[in-house]
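> First the structure, which I've put down as structure tokens, then a few questions once you've had a look.
The values are calculated or read from the model by the stated rules, or taken from the named source; none is laboratory data. Since the model is a prediction, treat every value here as computed from it, not as a measurement. Here the Cβ positions follow ideal geometry from the backbone for every residue, glycine too, while neighbour counts run over all protein chains shown. All accessible areas refer to the heavy atoms of the entire protein, side chains included, with ligands and DNA or RNA removed. Shrake-Rupley method; radii C 1.70, N 1.55, O 1.52, S 1.80 Å.
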Amino acid sequence: MKKIIHIFVLLALVLSTKAGNPKHEVRAVWLTTIGGIDWPHSYSTATQQRELIDILDQLQQAGINMVMIQTRVRATTIFPTTTEPWDGCITGRPGTGPSYDPLQFCIDECHRRGMECHAWIVTIPVGKWNGLGCKQLRQKYPALIKKIGEEGYMDPEKPETGDYLAKFCAEVTRKYDVDGIHLDYIRYPETWKLKVSRPVGRQYITDIVRKINRAVKPLKPWIKLSCSPIGKYDDLTRYRSNGWNANTTVCQDAQGWLRDGLMDALFPMMYFQGNNFYPFAVDWLEHSYGRIIAPGLAVYMLHPREKNWDLEVITREMNVLRDLGLGCTFFRSKFFTDNTKGIYDFTCDFNVTPALIPPMTWAGKQAPSAVSRLQVKRGMSADIISWQKAIDNSGADYLLYNVYASDHQPVDVSNPQNLIAARQRELQITVPHKGRPLYYAVTAMNRYGQESEPASMQGVSSPRNSKPMDFRHLIIGDKQKKYKSKKK
């Protein structure tokens, strides 16, 4: 099997053709808040909100379906909590909060656009030794924080670290309708002088992950628990990691966490190219255990002030990942939406159709029932589609609905080109049709991403010999031209 996959990757590299768009695929972005480097760029509430809306509009129009927003920054937060102080990126004054809840605002705006929103939690690093977050944490838990250089780190070898982080993640899970808890830097710092064996070190980190899993999953088992491991898991038989890998260097057994059911997804930081990328991507695939893998791509390396990579480095990686059935994650948001070397334009064309997040089939839940009483009220330029709610069989808090349209019947819900609205909470939607009669189908989807059988409308004739419709205008609207002209 490994040989077959390696041959497949080589063929993909040689052909370098655009792969067909799958119905299920993770297309994610890391939205960084530390220092406001991605967002926010203003301390005004109104300006912050407008800017975030603009960013999310751009991401939606490029086919992005998952946003990971940096929520715990450095023992500081972008949401109100008595556990840790406000990060200074929101108001410019560390410890002082704004007049709104930025995390809740981001969740609401992501969900309004059919995107998942994951809370990105920076775990072990707690910032400058005399920074507000680190200082307050040291005052509360003086034996828990270690100083390396000018930075403070939670001690992974202290059981209280796992207890603290588990309680923090549970608070976010309980208070917010996030779709995932995303753990960053869940590992030993590379500057840590490890005094225990590597197996013991891995066990310390795994114990933290296990505690977080046990704190989050009983509250909302549909939440995806994930992390962003070092991009190379370990040395391969033919390719070396050159001393920088997850498993041996920093004791981060991310593949084991998938195997043991402690995590649902991995977003490896694969900020490499060539033989430092492709063989290791295959390794993540071969050890995915049926879970989600969406490697992080270094779009920041395209910038002239970074490594000044050619655009083809990233686009070829995107093609190969799609051929392998893996998702991709862009680091960072601003380099992506700034269209660095045309990466935003390419992605808009690459993601020709929308995609749903792969379902959590490993959770063992039953799909919802089909919706009932699907009705279509015809209008001269738009149709109003309504339906009655389906029955959820998963035990989650609510259902979502996906709407499909076609000028042929029956509507093929396996074809992503027909998907015009994803993850809708409402039981009604208005669809512009430009004067052409459409057929519709609606599926119910639980929080685990499992879809029901489609409910379809009946009884309206479509024009004979008509060309297939392009439904992208129903999803991305008229703003694509605006953003696609934004080249830098």
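> Residues of segment 27-107: accessible area per residue at 1.4 Å, in Å²?
29 Å²
> Something else: Over the chain, what percent of the accessible surface lies on carbon and sulfur atoms, probe 1.4 Å?
51 percent
> Report the extension gain between residue 412 and residue 378 in nm, rounded to one decimal, defined as 0.36 nm multiplied by the number of residues separating them, less their alpha carbon distance.
10.1 nm
> Of 221, 325, 278, which is farthest towards the positive pole of the chain's charge dipole, taken about the Cα centre with +1 and -1 on the beta-carbons of Lys, Arg and Asp, Glu respectively?
278
> Under a cut-off of 16 Å between alpha-carbon atoms, report the aspartates and glutamates in cross-link reach of residue 341, not counting same-chain residues fewer than 8 places apart.
Answer for residue 341, where 16 Å is the Cα cut-off: 306, 310, 312, 317, 349, listed by chain and number.
> Now a separate question. What residues have an amide H closer than 5 Å to that of residue 124, excluding those fewer than 5 places away on the same chain, when H is modeled at 1.01 Å from N in the peptide plane?
187
> May I ask what percent, to the nearest 5, of DSSP beta bridges between residues of segment 122-272 are antiparallel?
Close to 45 percent.
> Residue by residue through segment 344-358, what is 3J(HN,Hα) from phi via Karplus (6.51 cos²θ - 1.76 cosθ + 1.60, θ = phi - 60°)? Round to whole Hz and write x for glycine and proline.
Per residue, the Karplus-derived 3J(HN,Hα) values read 5, 4, 4, 5, 4, 7, 5, 8, 5, 10, x, 9, 8, 5, x Hz.
> What is the magnitude of the charge dipole of the chain about its Cα centre, with +1 placed on the Cβ of each Lys and Arg, -1 on the Cβ of each Asp and Glu, and no other charges, expressed in debye to the nearest 20?
It works out to roughly 260 debye.
> Among bridges DSSP assigns within the chain, what percent are antiparallel (round to 5)?
45 percent
> log₁₀ I(q)/I(0) of the chain at q = 0.09, 0.13 Å⁻¹, via Debye over equal Cα point scatterers, no solvent, to two decimals?
-0.63, -1.32
> Excluding ligands, DNA and RNA, what is the solvent-accessible area per residue of segment 242-381 at a probe of 1.4 Å, expressed in Å²?
36 Å²
> Extension gain residue 150-residue 362, at 0.36 nm per residue separation less the Cα-Cα distance, in nm?
72.0 nm
> Residue 433's amide H: which non-local residues (gap 5+, or another chain) put their own amide H closer than 5 Å, with H modeled 1.01 Å from N in plane and none for Pro or chain starts?
Long-range HN contacts for residue 433: 382, 383.
> So what's the angle, to the nearest 10 degrees on a 0 to 90 scale, between helix 311-324 and the longest Cα principal axis of the chain?
Here the helix axis deviates by roughly 70 degrees.
> Also, quick follow-up: Could you give me the percent of Cα pairs per 10 Å distance bin for segment 367-449, shortest bin first, beginning at zero and ending with the bin that holds the maximum distance?
18, 51, 25, 5, 0
> Order the peptides 345-356, 364-375 from the highest to the lowest mean number of other Cβ atoms within 10 Å of their residues.
345-356, 364-375
> Packing-wise, with mean Cβ within 10 Å as the measure, how do 69-75, 111-117, 334-340 rank, highest first?
69-75, 334-340, 111-117
> Under 20 Å from the Cα of residue 175, which aspartates and glutamates turn up, not counting those fewer than eight places away in the same chain?
Once the sequence-local aspartates and glutamates are set aside, what remains near residue 175 is 84, 87, 101, 108, 109, 116, 163, 397.
> Residues of segment 397-456: accessible area per residue at 1.4 Å, in Å²?
Each residue of segment 397-456 exposes 37 Å² on average to a 1.4 Å probe.
> Here is a further query. Given the options 296, 169, 111, identify the residue whose Cα lies farthest towards the positive end of the charge dipole of the chain (+1 on Cβ of Lys, Arg; -1 on Cβ of Asp, Glu).
It is 296, whose Cα lies furthest towards the positive end.
> No other cysteine beta carbon under 4.7 Å away is the test; run it over the chain and list who passes.
Within the chain, the cysteines lacking a partner Cβ under 4.7 Å are 89, 106, 134, 169, 227, 251, 328, 348.
> Moving on to the next point. Mind putting together the pair-distance distribution for segment 63-221? All Cα pairs, 5 Å bins, whole percent per bin, short to long.
Taking all Cα pairs of segment 63-221, the binned fractions are 2, 9, 18, 20, 20, 15, 10, 5, 2, 0 percent.
> Let me ask something else. What are the ³J(HN,Hα) values, in whole Hz, obtained from phi via the Karplus relation 6.51 cos²θ - 1.76 cosθ + 1.60 with θ = phi - 60°, for each residue of segment 249-261 in sequence order, with x given for Gly and Pro?
Going residue by residue, I get 5, 10, 6, 10, 7, 5, 5, x, 5, 5, 4, 8, x Hz, with x marking Gly and Pro.
> Something else now. Can you list residues whose amide H is under 5 Å from residue 116's amide H, if they're 5+ apart or on another chain and H is modeled 1.01 Å from N?
Excluding prolines and chain starts, which carry no amide H, the hits are 66, 67.
> Where both residues lie in segment 29-170, what percent of DSSP beta bridges are antiparallel, nearest 5?
Looking only at bridges with both residues in segment 29-170, the antiparallel portion is about 40 percent.
> In addition: Quick one: compute the contact order of segment 169-262, relative version, from alpha carbon pairs under 8 angstrom and 6+ residues apart, as a percent.
Over segment 169-262, the number comes to 36 percent.
> Here is a follow-up. Relative contact order of the chain, please, whole-number percent, based on alpha carbon pairs below 8 angstrom and at least 6 residues apart.
Relative contact order for the chain comes out at 14 percent.
> Through the Karplus equation 6.51 cos²θ - 1.76 cosθ + 1.60, θ set to phi - 60°, convert the phi angles of segment 377-382 into ³J(HN,Hα) values in whole Hz; use x for Gly and Pro.
Listing the rounded values in order: 9, 6, x, 5, 10, 8 Hz.
> Compute the long axis of helix 2-15 from its Cα atoms, compare it with the longest principal axis of the Cα atoms of the chain, and write down the angle in degrees, 0 to 90, nearest 10.
That works out to roughly 60 degrees.
> Please compare each pair in 23/334; 140/211; 140/217; 147/220; 158/334; 193/232 to a cut-off of 31 Å on the Cα-Cα distance and tell me which ones are over it.
Going by Cα-Cα distance, 147/220; 158/334 fall outside the 31 Å limit.
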